[in-house]
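Written out below as structure tokens is the structure these notes cover.
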Amino acid sequence: MSARIMSGRPVADAVLSGLGPRIQALVDAGHRPGLGTILVGDDEASAGYIRMKMDKATELGLTSPHIHLPQDATQEDLVAAIGEMNDADDVDAVLVQHPAPPQIDFDAAMVTLDPDKDVDGLHPTNMGRLALGMPGPVPCTPAGIEALLAHYEVPVAGHEVCVLGRGTTLGRPLALLLSQKRPTANAAVTVVHTGVPDWPEYTRRADVVIAAAGVPGILKPEHLTPGVTVVGGGVRYEGKKLLPDVDESCERVAGAITPRVGGVGPTTIAMLFKNAVECAERRAGLAA
Ligand SMILES: NC(=O)c1ccc[n+]([C@@H]2O[C@H](COP(=O)([O-])OP(=O)(O)OC[C@H]3O[C@@H](n4cnc5c(N)ncnc54)[C@H](OP(=O)(O)O)[C@@H]3O)[C@@H](O)[C@H]2O)c1
């Protein structure tokens, strides 16, 4: 059996093209959306990610004010830069590139970000909003996975979804999202982790398995039921080499599966811009 490959690119393209008219409506109302970015230090890969996001912002019609702090920036410097973005009238959403140099307590700094400008949706206030089903920026990778499953018409509502990993950027918010009462969610979600040594018992009975562990090759064919849908969210980098959670051989068992590259990456970036536009709509009083 050969699995259907669920590329994230057409999903991302659909999300981004849907933003076009919304960005135009904001501009027509005199409110050009702005995605502020902050980079701390000289890490080449991080600088590349920020450049790519700033270029995409420009292409979509957003402004992208940028603050670059030096490698030896202090915690106070980062908190001050975040404060500047919080106060800037032309900034609707803010992205602080991770990782930061070791002298920085990234999570402590991020708590000072205005939750209404939190483009990653990971501020404690936004995790609370997610848990309570209140409007606000939703974590980008989980939101992208919901969009991906919907795009490929994978039955989720009323079905068993097993999430491998309960981390705060992926597994935990994803479980909250897919258990919400909505046609593209509404799933029976199980979350497994190191506290569940017999986790394969759970993945084997699921209709959809989402790997969110960050352990290369952890998910193998013997952990799956034939025909299952598999989404690979967890990855680890060794240098520039990307090592996914999902073992390549899972393609032989799955009915549908994300590719090793170009799966949840493109949808995550698309959701970041969706969040930025929605932050702008809320600030401009144009939110649906
Ligand atoms: N593609 C993207 O854009 C994107 C975005 C966000 C995150 N990610 C990736 O998603 C992954 C998860 O991110 P995160 O921040 O949520 O990670 P995290 O906080 O490190 O969480 C990892 C989770 O996996 C579980 N786990 C680890 N080893 C396990 C094992 N051997 N058996 C069972 N469970 C195991 C851990 O269990 P315990 O809780 O018991 O320790 C934990 O719940 C990472 O690889 C990250 O790079 C990708």
field: For the range 30-117, size of Cβ-based charge dipole, Lys and Arg +1, Asp and Glu -1, in debye
entry: 360
- prompt: Leaving out same-chain residues fewer than 8 places away, which lysines sit with a Cα under 30 Å from that of Lys220?
  reply: Lys240, Lys241
field: the range 76-227: translational diffusion in µm²/s, Stokes-Einstein, Kirkwood Rh over Cα pairs, 10 °C, 1.306 mPa s
entry: 94
query: Counting only Cα, what are the radius of gyration and maximum Cα-Cα distance Dmax of the range 1-57, in Å?
result: 16.4, 54
Long-range amide H partners of Gly8 with built H, under 5 Å: Gly263
- request: Compare the peptides 255-261, 113-119 by average per-residue count of other Cβ atoms within 10 angstrom and give them in order, highest first.
  value: 113-119, 255-261
- prompt: How about the range 144-226: which trypsin sites (Lys or Arg not before Pro) there lie in a loop by DSSP and see at most 15 other Cβ atoms within 10 Å?
  reply: Lys181, Arg204, Arg205
field: Principal semi-axes in Å for the range 30-117 [√(5λ), Cα gyration tensor, largest first]
entry: 21, 16, 9
statement: Env charge @ Gly165, Cβ radius under 12 Å, K,R +1 / D,E -1, value +1
query: Counting Lys and Arg as +1 and Asp and Glu as -1, what is the net charge of the other residues whose Cβ lies under 15 Å from the Cβ of Ala29?
result: -2
Integer Hz, Karplus 6.51/-1.76/1.60 couplings in order for the range 17-31, x for Gly and Pro: 5, x, 7, x, x, 6, 5, 5, 4, 5, 4, 4, 8, x, 10
- request: Enumerate the amide H contacts of Thr37 below 5 Å, restricted to partners 5 or more residues apart or on another chain; note that Pro and chain-start residues carry no placed amide H.
  value: His66, Ile67, Leu95
statement: Neighbours of Pro102 by Cβ distance under 12 Å: Lys/Arg at +1, Asp/Glu at -1, summed charge -3
query: How big is the Rg/Rh ratio for the chain, C-alpha atoms only, Rh by Kirkwood, two decimals?
result: 0.97
- prompt: Which shape class, rounded, prolate or oblate, goes with the range 138-266 when its Cα gyration tensor gives a ≥ b ≥ c as root eigenvalues, a/c under 1.5 marks rounded, and past that a/b bigger than b/c marks prolate?
  reply: rounded
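Read the figures in this text as sums done on the coordinates, not as results from a lab. Note that the structure is a prediction, hence the values are computed from the model and not measured. Please note: Cβ atoms are built from the backbone with ideal geometry, for glycine as well, and neighbour counts cover all protein chains shown.
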